[in-house]
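So the structure is just underneath, and the comments pick up after that.
The values are calculated or read from the model by the stated rules, or taken from the named source; none is laboratory data. All values reported here derive from a predicted model rather than from experimental measurement. Note that each Cβ is placed from the backbone with ideal geometry, even for glycine, and that neighbours are counted across all protein chains shown. To get the accessible areas, we keep the full protein, side chains included, count just its heavy atoms, and leave off ligands, DNA and RNA. Shrake-Rupley method; radii C 1.70, N 1.55, O 1.52, S 1.80 Å.
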Amino acid sequence: MALRFYNTLSQQVEEFRLQEGNLVRMYTCGPTVYNFAHIGNFRTFVFYDLLRRWLAARGYKLDHVMNITDVEDRIIRNSIEQHKAIKEYTEVYEKAFFEDCEVLRLTQPERWVRATEHISEMAAAIAKLGEKGYTYTSEGSVYFRIASFPDYGKLSHNDFSGIRAGARVDVDTYEKADARDFVLWKSPKDGEPFWDTPIGPGRPGWHIECSVMAIEYLGETLDIHAGGVDLIFPHHENEIAQSVSLTGKPFARYWLHSEFLLVDGQKMSKSLGNFYTLRDVLGRGYPPETVRYLLASVPYRKQLNFTFEGLQSAKTAVERLRNFAWRLDQEKFRPGANEKIAERTAEAERQFGQSLDDDLNTAGALGATFEYLRDANVAMDSGDFREQNVPAARAFLGCFDSIFDVLRPSAQKQSLSDAEVEARILARAEAKKARKFGEADRIRDELTAQGIILEDTKDGVRWKRK
Ligand SMILES: [Zn+2]
């Protein structure tokens, strides 16, 4: 069976076929750098990484573009509050994001593109949409008239035919019930930063940035467009409306969406106290490979329930894999080859590939791997596993690790950097302000465990290393 994916657009599992050649032109929605990325974000980014790795393993070449949203509502609000320029505010989180990606071993897309570096292209696209009659202006802001796009709702499978024409929405994210003409270009409010462009002063809405940068680098029709399920509406629906209206061509052939991450069975939220950045989790002493394993272990279209018990099981699983690798490297096996073991190894590799071909069924691939490990360990114990069975077993493990990438232990970090300590102290202050004293104490205890001593003074928190 060939490689296949569930396409949100058709709501079917479809065989993956390119129109020509073997270059996959792929666009994935990247981070909004207004804060540290949380583990739900990283579930999606790990999915992109697995997708990249498996496409490459199946012989495809990739031209993968991922955007960095470095201007939007929250960034504008927070940077004004902190009296910082947009760039000054976002670069901290952008840097942190790249560090996090490296820690989680995420392979890099071929191109990273920043919204703020494509403002004139966005203004030009909005002008073109205007010439074609898809937009109107109100108080300096430009809106997309969704009544002018009959296919609106085709991706999210919503019927928007009854919506009131002319009602507008200015914010970047909103619910289905609020489907209205959405903003392409926002005129600046008092004190807000803006760009001067031929369509007037202002800044782009969130949705137009992805359409413009995707078309700019990958052409009018992409092979794959991916993101989290929360982006299906309105973000991706709006991307389609803008792009198709601009080019007259289909925007993307395969739409892939990863499901939510829950924490202890609940939606992750700051108010529930179950909100974790990647740095929070690593700060508790879990190795990054363990987090990577857990995020990769559930197929991307299933909800992933994150728990610390789950992380503990992931740790055990990674240890089992490493132990097997160690046995292959270190044990002395009897000479010769065992035909049954050779067949068993080939079967495991086949099952592994078939699972990932099946819409990236990572759970199936891990199942095949661990069943093989069990059988091979038994054969090693009984002496049936022979010297000449080693290379194929090693090759299979290599194939496994070229996708899951958890065998190599991360270098143990000596200690938290100053910036990391400051970030934790800030989180503790926020917890206190929200009267979540348990959370605040937990952060202090974690810092103490890392040799960081906090001192609450009347001038704020002072800290030192033990
Ligand atoms: Zn996007």
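Summary of computed values
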quantity	calculated
Value of relative contact order over the chain, rounded to a whole percent, pairs C-alpha under 8 Å and six or more apart	15
Distant-in-sequence amide H partners of residue 361 (H built 1.01 Å from N, under 5 Å)	356
By average C-beta atoms within 10 angstrom, highest first, the peptides 27-38, 372-383	27-38, 372-383
Backbone HN-Hα couplings from phi across the range 212-223 [Karplus 6.51/-1.76/1.60, Hz, Gly and Pro as x]	5, 6, 5, 5, 4, 9, 10, x, 6, 10, 7, 7
Using distinct alpha-carbon pairs, which all enter the 1/r mean, Kirkwood radius of the chain in Å	24.5
Residue order for 357, 445 - accessible surface, 1.4 angstrom probe, largest first	445, 357
Convex hull volume per residue in cubic angstrom - Cα atoms of the range 1-57	122
Radius of gyration and maximum dimension Dmax of the range 312-442, Cα, Å	21.3, 68
With Cα atoms, 0 to 90° folded angle of helix 308-330 axis to the chain main axis	50
Where labels lie 7 Å past Cα in the beta-carbon direction, separation of residue 377 and residue 395 in nm	2.5
Accessible surface, 1.4 Å probe, highest first, among residues 112, 326, 185	326, 112, 185
The chain: angle of helix 418-433 to the longest principal axis, Cα-based, in degrees nearest 10	70
Using θ = phi - 60° and Karplus 6.51 cos²θ - 1.76 cosθ + 1.60, couplings along the range 284-289 (whole Hz; Gly, Pro as x)	7, x, 7, x, x, 4
From the C-alpha gyration tensor of the range 198-254, square roots of 5λ in Å	19, 15, 10
Share of carbon and sulfur in the accessible heavy-atom surface of the range 313-466 [1.4 Å probe, %]	50
Furthest towards positive pole of dipole, 261, 187, 236, structure part the chain, Cβ charges	261
Calculated log₁₀ intensity ratio I(q)/I(0) where the Debye formula runs over C-alpha points of the range 216-295, q = 0.14, 0.16, 0.17 Å⁻¹	-0.68, -0.78, -0.81
In nm, spacing of pseudo-spin labels at residue 176 and residue 458 (7 Å Cα→C-beta vector)	5.7
Normalised convex hull volume, the range 363-410, alpha-carbon set, Å³ per residue	85
For residue 197, distant residues with modelled amide H under 5 Å away	202
Amide H partners (placed H, <5 Å) of residue 114, local residues excluded	68
Net charge dipole size for the chain [Lys, Arg +1 and Asp, Glu -1 on Cβ; Debye, nearest 20]	820
Exposure rank, largest accessible area first [173, 116; 1.4 Å]	173, 116
Cα-based helix-to-principal-axis angle, 437-449 vs the chain, degrees rounded to 10	50
Unit charges at the beta carbon, dipole of the chain: most positive-side option, 148, 286, 5	286
Solvent-accessible area per residue for the chain (1.4 angstrom probe, square angstrom)	47
Counted charge near residue 114, where neighbours are those whose Cβ lies closer than 11 Å (Asp, Glu -1; Lys, Arg +1)	-3
The range 233-244 - phi-based ³J(HN,Hα) in whole Hz, Karplus 6.51/-1.76/1.60, Gly and Pro as x	10, x, 4, 6, 4, 6, 4, 5, 4, 5, 5, 5
